[in-house]
1. Looking only at residues in segment 153-162 that are over 21 Å from G222 (Cβ atoms) and open to solvent by 30 Å² or more (accessible area, probe 1.4 Å), which one is modelled with the highest pLDDT?
2. Look through segment 61-108, keep the residues that are part of a loop (DSSP other than H, G, I, E, B) and of a type in the set (A, V, I, L, M), and return whichever of them is most open to solvent (accessible area, probe 1.4 Å).
3. Which number in (1) free of Cβ contacts under 8 Å to residues at least 60 places away in the same chain; (2) over 21 Å from the mean Cα position of the chain (by Cα); (3) over 30 Å from P241 (Cβ atoms); (4) open to solvent by 40 Å² or more (accessible area, probe 1.4 Å) marks the one condition that S150 misses?
4. Do we find that L31 is at pLDDT 95 or above and either of a type in the set (A, V, I, L, M) or not in a helix (DSSP H, G or I) (or both) in this structure?
5. Hey, can you tell me all the residues within segment 201-212 that are surrounded by 21 or more Cβ atoms within 10 Å (Cβ to Cβ) and modelled with pLDDT under 85?
6. Can you tell me which condition M202 does not meet? The list is (1) in contact (Cβ under 8 Å) with a residue 60 or more places away in the chain; (2) out of contact with any helix residue (DSSP H, G or I) (no Cβ under 7 Å at 6 or more places or on another chain); (3) assigned to a helix (DSSP H, G or I); (4) not hydroxyl-bearing (S, T, Y), and all the others hold.
7. For I165, which of the numbered conditions (1) open to solvent by 20 Å² or more (accessible area, probe 1.4 Å); (2) closer than 30 Å to P207 by Cβ; (3) under 21 Å from the mean Cα position of the chain (by Cα) fails to hold?
8. Among the residues of segment 168-194 satisfying the criterion of being more than 21 Å from P102 (Cβ to Cβ) and among the hydrophobic types (A, V, I, L, M, F, W, C), which is surrounded by the fewest Cβ atoms within 10 Å (Cβ to Cβ)?
Amino acid sequence: MAPVSPTTDITPAVGAERAGPHRRRRPGAALIAGTVLVSLLILAAVLVPVLPLPDPDAGSLSERLLPLGSPGHPLGTDGQGRDLLSRLVWGVQPSLAAGLLPVLAAGTAGTFLGIVAGLGARWLENAVMRSLDVLFAFPAVLLAISIAASLGAGLTSLIIALSVILVPAVARVVVTEVARLRELDFSQAARAGGARTTTIAMRHMLPNVLPVLSVYCSALVGLSIVLGSGLSFLGLGVAPPRAEWGAMLDDLRQHIFTAPLLTLIPGAAIFLASVAFNLLGEGLREHFDVRSRHTV
């Protein structure tokens, strides 16, 4: 099944007409928490080259599997004696790339396809959506593994694989929203006034789709991070010895019985990053007052 399969009822609670902006409202706790956590992740990814951390790839067999709180190694070391704190922070970069870049690519492609299908003739909508349904027919994880394996291990292959499996989900959300918006008065008035389809798409549809899309894509980033870590865990993502959370899990799994606490560290990072983006999505949903009902 697809990673996220929305129903056909994803409806903004605020009128979509361009006569007035969304109501101003104070940021909720979820939006504040999500923004802070996501900002910390981005800050860590940007500043990690200048942080006073040990070399993430330098190990020492005499210091292998040091426990939490060891002198000089607050989070201990892995099976090759590499500092886990350093590798955890350096792993933010590829993990965020695996979360943000596929969603950005899928969001751009899915929005274009959704608007084209939603504003085009019935045959065009059927052609676009039935083509995307072919991708929905495959289990998302299996399809991602197949694409990444065919392209070869690496961050680029991982990003391409995740982008492909996310496009249909984004397109379905957009086409559903466009189908609702085109029946409203402002859209009908634009058509009656002789506005071109491209004008309606850019000036009327896209601005009103973005709130729903931002909420949905925020949740997809968390999902993409989890899927990207899973592919790296299988050896289809970031190539060793580069630090990445999924690859760290793979390195530490053989020590799960001898050093169980150490194996939880990269898993906890993946979990917290996913929670951060889901909090951000929930906060945006509350802020834009978007009522969305979809199944995961």
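The values are calculated or read from the model by the stated rules, or taken from the named source; none is laboratory data. Just so it is clear, the model here is predicted, and its values are computed rather than measured. Cβ: placed from backbone, ideal geometry, glycine included. Neighbour counts: every protein chain shown. Ligands, DNA and RNA are excluded from the accessible area calculation, which covers all protein heavy atoms including side chains. Shrake-Rupley method; radii C 1.70, N 1.55, O 1.52, S 1.80 Å.
1. Going through the qualifying residues, I end up with T156.
2. L68
3. Here S150 meets the rest and fails (3).
4. no
5. Of everything in segment 201-212, just one residue is surrounded by 21 or more Cβ atoms within 10 Å (Cβ to Cβ) and modelled with pLDDT under 85, namely H204.
6. Just one mismatch for M202, condition (1).
7. Every listed condition holds for I165 apart from (1).
8. My answer is A192.
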